[in-house]
Amino acid sequence: MASMVLPSSGEEENQWGLLGTQQRSGQRKKRSLPCFTDSELKGSKGRRFHLNCSGVLNLKCSKQPAASSRRSGVTSERVALLVLSVLLAAAVTALGVTLSENTQTKKSLQKLEDVAKHLSEILSGTEPCKVEQPSKPPSVRSVRCEDGWEPQGGKCYFFSSFSLTWTQSRTHCTSMRGDLVVINSKEEQRFLESRVRGKMEDYYDRFWIGLTDSKNEDEWLWVDNTGLNTSLEFWLGSNPDNWTGKNPDGEDCVTMGEKDGATDLKSWNDISCESPHKSICEKPEKA
Ligand SMILES: [Ca+2]
Ligand SMILES: [Ca+2]
Ligand SMILES: [Ca+2]
């Protein structure tokens, strides 16, 4: 064991880092104290020592804080390593999740590509659809006849609902560049009979046609001055009878129409030209 001189107050540390203080009678003085050699100190591994000296003696090794600091450093390093390990594990986990999601995304894309390829193959083997043009809707307006006129057999017909005398009705037709109808065929009679029947409101609701014997009794002429063809007559019952019961001048103008339907198209009746009735106008189609 070696001896050393303790530093006085203010002398803090010897060459081993030992501090020694003695207080006696309020006086501080230097004193030789037993201490430890370097090897003993080194062997002590920096532990705290209490020297058996007289008086109050406090000894501590200055290397102990260094060891404690080293242990603290080691602990901090371990903590840091632990934190880093945790962070690394979290990063690896996140990376794994990302890779898994990417893998699933790639699989989904591959499925979509397969579906698209399959559809493309189907479409390539399918004949292109023919777009059918919609059929032309039936025209409610004739390009051959004016508004209100009905086309039939190359002619246009106007069924007037004005109740006028025979002469007034003819004037109305001519004002529209037509005339009272002239029936030239059985087909024309059939068409007119059907249309008039549908328009009649009652038994007497008949329509004027362009036939009259007003110039000479029983000499029937059409408004175009053609004579009546006896093979194309459609008199109803006992007509023409030139009945004078209502007008002493008899009956010189002709109407047509049987609300309940005409037998063999026979629907003509001679009546007074002054009676008010509806009428049928006729004119050629547009050129
Ligand atoms: Ca005609
Ligand atoms: Ca007559
Ligand atoms: Ca008559």
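On the stretch given as the stretch 241-276, residues that are in contact with a Cys (Cβ under 9 Å, 6 or more places away or on another chain), under 17 Å from Cys173 (Cα atoms) and not in a loop (DSSP other than H, G, I, E, B) total 1. Within the stretch 216-238, residues that are assigned by TED's automatic domain parsing to the domain that holds Ser194 and exposed (fewer than 15 other Cβ atoms within 10 Å of the Cβ) have Cβ atoms under 8 Å from residues that are aliphatic (A, V, I, L, M) and part of a loop (DSSP other than H, G, I, E, B) in these pairs: Asp224/Val182; Thr226/Val182; Leu232/Ile183, counting only partners at least 6 apart in sequence or on another chain. Scanning the stretch 210-253 for residues that are within 16 Å of ligand 1 (Cβ to nearest atom) and either modelled with pLDDT under 95 or of a type in the set (S, T, N, Q) (or both) turns up Thr212, Asn225, Thr226, Asn229, Ser231. Among what's in the stretch 207-233 and is over 18 Å from Gly250 (Cα atoms) and not hydrophobic (A, V, I, L, M, F, W, C), pick the residue that is nearest to ligand 3 (Cβ to nearest atom). Checking each candidate, the answer is Glu233.
Residue-wise test of (1) more than 16 Å from ligand 3 (Cβ to nearest atom); (2) surrounded by 14 or more Cβ atoms within 10 Å (Cβ to Cβ); (3) in contact (Cβ under 8 Å) with a residue 24 or more places away in the chain; (4) of a type in the set (Val, Ile, Thr).
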position: Phe158; (1), (2), (3), (4): yes, yes, yes, no
position: Thr171; (1), (2), (3), (4): yes, no, no, yes
position: Gln189; (1), (2), (3), (4): yes, yes, yes, no
position: Ser194; (1), (2), (3), (4): yes, no, no, no
position: Pro248; (1), (2), (3), (4): no, no, no, no
position: Thr255; (1), (2), (3), (4): no, yes, yes, yes
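Residues of the stretch 143-172 that are under 54 Å from the mean Cα position of the chain (by Cα) and not in a loop (DSSP other than H, G, I, E, B): Glu150, Pro151, Gln152, Lys155, Cys156, Tyr157, Phe158, Phe159, Ser160, Ser161, Phe162.
The values are calculated or read from the model by the stated rules, or taken from the named source; none is laboratory data. Remember, it's a predicted structure, so these values are computed and weren't measured experimentally. For neighbour counting, all protein chains shown are included, and Cβ atoms are generated from backbone atoms with ideal geometry for every residue, glycine included.
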